[in-house]
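As structure tokens, the structure follows; a few thoughts come after it.
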Amino acid sequence: RTINGFNISPDLIWVKSRSDSSNHMLVDSSRGGDKYMYSNANNAELTSSNMITFGDSDGYVMRDDGTYLNGSSRTYVAWGWRANGGTTATNAEGATNSTVQANTKAGFSIVEFTGINSATTATVGHGLGKAPTFIIHKSVNTSAWHLVRGVPGMPVSYVRDLNPNGSPTDVSGNGGALVAPTSSVFNINNTTGIGGGGYTYVAYCWAPIEGYSKFGSYTGNGESDGPFIYTGFRPQIVLFMGYAYGIENFIFDNKRNTSNPITTYVRWGRSSAEGTHTHCDFLANGFKIRNTGGDYNGSTGLFMYMAWGDVPFKYNNTH
């Protein structure tokens with residue numbers, strides 16, 4: 001079955017059943033359509049012959065028999081990002097060579113590399129030509145959570161896993177501090193999940209693109225008239241990630257809610273079906289929090305966000 005409507009040929013596909021409890025499925029064209037990972041579990045990479053075919057100009061072809069992506073009568077949501085159509089190149093800009101497919105215009109790259117196995121740091125090329133401010137690391141051949149780093153507001157030597165009971169952790173003791181990515185490389189140390197243990201890794205890297213994507217943080221006020229966060233574009237997808245221990249990760253989009261208020265969410269760190277509550281408004285140039293909950297707007301709490309736009313603001317009618 002062909003899943004259309006992306007207006008691109010995506011190279012990273014992230015799929016979740018809306019109606020049922022099931023794992024989040026991550027598949028990318030660098031590793032191939034038969035390999036997948038779960039964002040809500042710490043499993044190593046898994047393989048199935050019935051997954052996804054990449055290359056459709058408006059989406060992807062799903063070959064699943066119902067075990068993973070195509071359960072009878074279930075409803076699903078899929079998010080997709082385009083890199084370079086599955087074409088990779090060797091990148092030698094870092095001390096550790098990497099295999100990269102990058103889309104510099106959209107600020108997204110998929111980076112594969114072999115980790116280090118010593119108490120030191122190393123650098124890895126990401127191919128974007130601009131410093132990424134949102135990176136998800138995952139070891140593909142050993143158990144470890146997806147680890148987030150680089151988001152403005154989180155100290156550069158800290159990582160935050162997608163586990164809902166996770167919290168930002170300083171990993172500088174594992175062979176050296178992580179530092180802010182540059183326009184050509186990010187660094188790693190011997191933390192399993194970031195680049196340690198000599199394991200094989202994949203990193204999904206996003207750099208901010210004016211009028212299309214922005215990654216940052218805000219401080220909650222604990223009120224239903226919550227903070228307004230300026231992005232410079234109308235959001236299409238917003239991921240919220242709390243800074244404190246036990247705060248969930250929630251993703252909202254304008255396909256499941258086509259008008260305000262934006263209410264329908266799933267949690268990247270859990271297998272549970274989607275839920276609803278009034279959360280925010282997507283506006284022409286940002287989003288406005290409408291919820292007093294501690295997962296998004298606890299008073300004086302720090303919250304991180306990752307936002308991607310619908311239509312670049314400078315081309316958009318402001319309505």
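The values are calculated or read from the model by the stated rules, or taken from the named source; none is laboratory data. Note that the coordinates shown come from a computational prediction; the quantities given were computed from them, not determined experimentally. A quick note on method: Cβ atoms are made from the backbone with ideal geometry, for glycine too, and the neighbour counts reach across all protein chains shown. These area figures cover heavy atoms from the full protein model, side chains too; ligands, DNA and RNA do not enter into them. Shrake-Rupley method; radii C 1.70, N 1.55, O 1.52, S 1.80 Å.
The table below gives the values:
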item: Separation between Cα centres of region 1-62 and region 198-277, rounded to whole Å; result: 20 Å
item: Residues of region 192-318: accessible area per residue with a 1.4 Å probe, Å²; result: 37 Å²
item: Within region 1-17: backbone nitrogen closer than 13 Å to the T53 label point (7 Å, Cα to C-beta); result: 1-3
item: Residues of region 30-65 with amide N under 17 Å of a point placed 7 Å along Cα→Cβ from R18; result: none
item: Accessible area in square angstrom per residue, region 1-99, 1.4 angstrom probe; result: 43 Å²
item: Gain on full stretching of the segment that runs from S299 to T75 - 0.36 nm per residue minus C-alpha separation; result: 77.1 nm
item: Rounded FRET efficiency, nearest 0.05, which uses the C-beta distance separating E210 from N141 and R0 of 35 Å; result: 0.40
item: Cross-link table K105/K214; K130/K255; K16/K130; K16/K214; K105/K255, entries beyond 25 Å C-alpha to C-alpha; result: K130/K255; K16/K130
item: Inter-probe distance in nm under a simple model that places probes 7 Å from Cα toward Cβ, at A284 and S167; result: 4.2 nm
item: With every protein chain in place, the chain: carbon and sulfur % of accessible area (1.4 Å); result: 44 percent
item: For region 181-319, size of Cβ-based charge dipole, Lys and Arg +1, Asp and Glu -1, in debye; result: 200 debye
item: In nm, spacing of pseudo-spin labels at T67 and D225 (7 Å Cα→C-beta vector); result: 5.5 nm
item: Correct option for Rg and Dmax of the Cα atoms in Å [calculated from the coordinates] among [x] 19.7, 67; [y] 22.4, 76; [z] 18.5, 54; result: [z]
item: Summed side-chain charge close to P181 - residues other than P181 whose Cβ falls under 15 Å, Lys, Arg +1, Asp, Glu -1; result: +1
item: Fraction of beta bridges assigned by DSSP in region 75-134 that are antiparallel (%, nearest 5); result: 90 percent
item: Choice from T192, T258, T120 showing the highest fluctuation, given a GNM over the chain with Cα pairs closer than 10 Å; result: T258
item: Simple spin-label estimate for K105 and N43 in nanometres, 7 Å along Cα-Cβ; result: 3.6 nm
